[in-house]
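In what follows, a single structure is set out as structure tokens and then discussed.
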Amino acid sequence: MQDLINLFIRSIFIDNMIFAFFLGMCSYLAVSKTVKTSMGLGIAVVFVMVITVPINYLLDNYILKEGALAWISPEFASVDLSFLSFILFIAVVASIVQLLEMIVEKFTPSLYNALGIFLPLIAVNCAILGASLFMQGKGFQSIGEPVVYALGSGIGWLLAIVGIAAIREKIRYSHVPAPLKGLGITFIITGLMGIAFMSFLGIKL
Amino acid sequence: MSAKNLKLIKNPLSKENPITVQVLGICSALAVTAQIKPALVMAISVTVVVAVSNLIISLMRNTIPPRIRIIVQLLVVAMMVILVDQFLKAFVYDVSKQLSVFVGLIITNCIVMGRLEAFAMQNKPWESFLDGIGNGLGYGLILFIVAFFRELFGSGTLLGYQIIPESWYAANGGFYYNNGFFILPPMALIIVGIVIWVHRSRNKDLCEN
């Protein structure tokens with residue numbers, strides 16, 4: 001249990017998707033103009049991550065890894081399909097996003113209207129695919145760990161995008177040099193936020 | 001090469017730079033730039049992937065049904081990335097280890113999808129191929145600039161060769177310390193911010209309101 005809490009805190013603050021690995025920067029920069037929309041996108045990212053990472057974990061462990069196919073018959077024990085992981089992972093992400101869009105549209109139209117345009121965007125959000133690829137290297141032991149890891153990474157991403165959106169709403173009223181306006185100042189603020197997040201380095205539970 | 005085609009290669013280097021103007025493909029641009037060597041390998045990989053997938057999609061552009069085009073594009077890109085990844089693992093294994101997941105993340109690199117959607121779906125194969133090369137080079141240029149400063153100030157080397165004289169270092173009785181801050185992730189963001197600042201103050205028409 002303690003391991004899981006540790007993993008959760010680590011993936012939110014220390015291994016933050018944006019400040020430590022710069023994943024999902026494109027939508028982070030494009031959609032962080034207001035807090036409301038960035039909240040919507042953030043929730044959608046958490047949602048999709050928590051579903052796709054465990055699925056990819058199972059795929060990785062029972063199909064892709066070297067020797068993973070041994071459960072069919074011992075002859076397959078030497079098969080290594082890990083070179084297929086990119087194509088399989090992105091197919092899972094794209095199809096889950098498509099599926100989720102249909103389900104949400106059918107059952108909760110209000111949520112669909114709130115998330116609406118962001119759902120299809122998520123298929124090409126590098127944070128989602130990145131979480132699956134990092135998961136591959138972490139050697140998780142049970143299905144619980146990837147779920148917690150995905151939840152933590154998603155919440156970390158949500159935290160970052162809502163934070164930058166709040167700052168950008170305020171900074172509109174400040175006097176920023178014209179060439180720095182918009183993109184430039186957002187980069188520098190993100191850098192400063194990253195420095196702040198670095199103070200969490202070394203925390204152990 | 002005609003003037004129009006030359007423009008396809010030259011424009012993305014400055015006025016239509018994928019990173020500083022179109023805001024595409026930021027993720028990998030920042031993560032791999034602590035040193036020049038991985039940055040160059042990444043730039044070449046992205047250029048190859050963009051150019052070849054632009055070419056393939058452009059050849060197929062009239063037969064792809066619009067409803068499923070994203071999936072088709074993703075599959076073409078994923079195939080190219082697998083080829084590049086296997087190639088890197090075979091020939092430059094140490095760099096491939098350093099780049100870790102970021103080679104795989106070329107699939108979701110917005111430059112690739114962005115150029116496929118915006119250019120290759122409407123244009124002829126040869127133009128699309130050149131557009132891919134141009135955008136890859138524009139991306140590589142920014143990567144090189146960021147990596148140059150990070151490696152020079154962070155480790156005192158360029159491409160692994162010592163640039164700051166050894167005798168300057170405090171350990172050898174000198175006055176100089178490497179600025180460890182340049183190696184850390186936040187500095188990459190700040191350097192890109194400064195690059196954008198310089199670029200836009202030289203091209204006033206790119207400023208945002």
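The values are calculated or read from the model by the stated rules, or taken from the named source; none is laboratory data. Predicted model, so just to flag it, every value in this text is computed and none were measured. Positions of Cβ are generated from backbone atoms using ideal geometry, with glycine treated the same way; all protein chains shown enter the neighbour counts. Only protein heavy atoms, including side chains, enter the accessible area calculation; ligands, DNA and RNA are left aside. Shrake-Rupley method; radii C 1.70, N 1.55, O 1.52, S 1.80 Å.
Close Cβ contacts (under 9 Å, 6 or more residues apart or on different chains) running from residues in region A:169-190 that are part of a loop (DSSP other than H, G, I, E, B) to residues that are among the acidic types (Asp, Glu) comprise A:181/B:208; A:182/B:208. Among residues of region A:28-40 that are farther than 21 Å from residue A:191 by Cβ, those with a beta-carbon under 8 Å from a residue that is modelled with pLDDT under 85 at least six positions away or on a different chain give the pairs A:37/A:31; A:37/A:118; A:40/A:114; A:40/A:115; A:40/A:118. Among residues of region B:161-174 being in a loop (DSSP other than H, G, I, E, B) and touching a helix residue (DSSP H, G or I) at 6+ places or on another chain (Cβ under 7 Å), the one that is least open to solvent (accessible area, probe 1.4 Å) is B:174. In this structure, is residue A:153 loosely packed, with under 14 Cβ neighbours inside 10 Å and either within 14 Å of chain B (Cβ to nearest Cβ) or among the small types (Gly, Ala, Ser) (or both)? No, not satisfied. When residues in region B:115-152 are screened for being within 17 Å of residue B:73 (Cα to Cα) and among the small types (Gly, Ala, Ser), 4 of them pass. Kindly indicate whether residue A:188 is within 14 Å of another protein chain (Cβ to nearest Cβ) and more than 20 Å from the chain's Cα centre (by Cα). Answer is yes for this residue. Residue pairs whose Cβ atoms lie under 8 Å apart, separated by 6 or more positions or on different chains, with the first residue in region B:165-188 and more than 27 Å from residue B:39 (Cα to Cα) and the second assigned to a helix (DSSP H, G or I) and of a type in the set (Gly, Ala, Ser), are B:173/B:167; B:174/B:167. Quick one: is residue A:103 open to solvent by less than 60 Å² (accessible area, probe 1.4 Å) and either over 18 Å from the mean Cα position of the chain (by Cα) or closer than 20 Å to residue B:26 by Cβ (or both)? No. So residue A:73 clears everything in (1) more than 21 Å from the chain's Cα centre (by Cα); (2) open to solvent by 50 Å² or more (accessible area, probe 1.4 Å) except one condition, right? Which one? Every listed condition holds for residue A:73 apart from (2). Against the test of being over 20 Å from residue A:139 (Cα atoms) and in contact with a Lys or Arg (Cβ under 9 Å, 6 or more places away or on another chain), the options A:27, A:73, A:32 yield a single qualifying residue, A:32. Each residue in region B:8-32 was checked for being outside any helix (DSSP H, G or I), closer than 18 Å to residue B:120 by Cβ and either among the polar types (S, T, N, Q) or out of contact with any Leu (no Cβ under 8 Å at 6 or more places or on another chain) (or both), and 4 of them qualify. Would region B:7-14 turn up any residue that is within 15 Å of the chain's Cα centre (by Cα), more than 9 Å from chain A (Cβ to nearest Cβ), buried (at least 19 other Cβ atoms within 10 Å of the Cβ) and of a type outside the set (Phe, Trp, Tyr)? Yes, some residue in region B:7-14 is within 15 Å of the chain's Cα centre (by Cα), more than 9 Å from chain A (Cβ to nearest Cβ), buried (at least 19 other Cβ atoms within 10 Å of the Cβ) and of a type outside the set (Phe, Trp, Tyr). In region B:188-209, of all residues being at the interface with another protein chain (Cβ under 7 Å from one of its Cβ atoms) and not in a loop (DSSP other than H, G, I, E, B), the one that is surrounded by the fewest Cβ atoms within 10 Å (Cβ to Cβ) corresponds to B:201. If you go through region B:90-112 and keep only what is more than 19 Å from the chain's Cα centre (by Cα) and under 23 Å from residue A:22 (Cβ atoms), you end up with just B:94.
Conditions tested, residue by residue: (1) touching a residue at least 24 places away in the same chain (Cβ under 8 Å); (2) out of contact with any helix residue (DSSP H, G or I) (no Cβ under 7 Å at 6 or more places or on another chain); (3) within 14 Å of chain B (Cβ to nearest Cβ).
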{"site": "A:7", "(1), (2), (3)": "yes, no, no"}
{"site": "A:16", "(1), (2), (3)": "yes, no, yes"}
{"site": "A:45", "(1), (2), (3)": "yes, no, yes"}
{"site": "A:48", "(1), (2), (3)": "yes, no, yes"}
{"site": "A:95", "(1), (2), (3)": "no, yes, yes"}
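Residues of region B:85-121 that are modelled with pLDDT of 85 or more, surrounded by fewer than 19 Cβ atoms within 10 Å (Cβ to Cβ) and at the interface with chain A (Cβ under 10 Å from one of its Cβ atoms): B:86, B:89. When you check residue A:148 against the structure, is it open to solvent by less than 60 Å² (accessible area, probe 1.4 Å), outside any helix (DSSP H, G or I) and either of a type outside the set (Asp, Glu) or within 12 Å of chain B (Cβ to nearest Cβ) (or both), yes or no? No; evaluated as a whole, the condition is false for this residue.
Checked against (1) under 30 Å from residue B:53 (Cα atoms); (2) of a type in the set (Phe, Trp, Tyr); (3) within 14 Å of chain A (Cβ to nearest Cβ), residue B:181 meets all criteria but (1).
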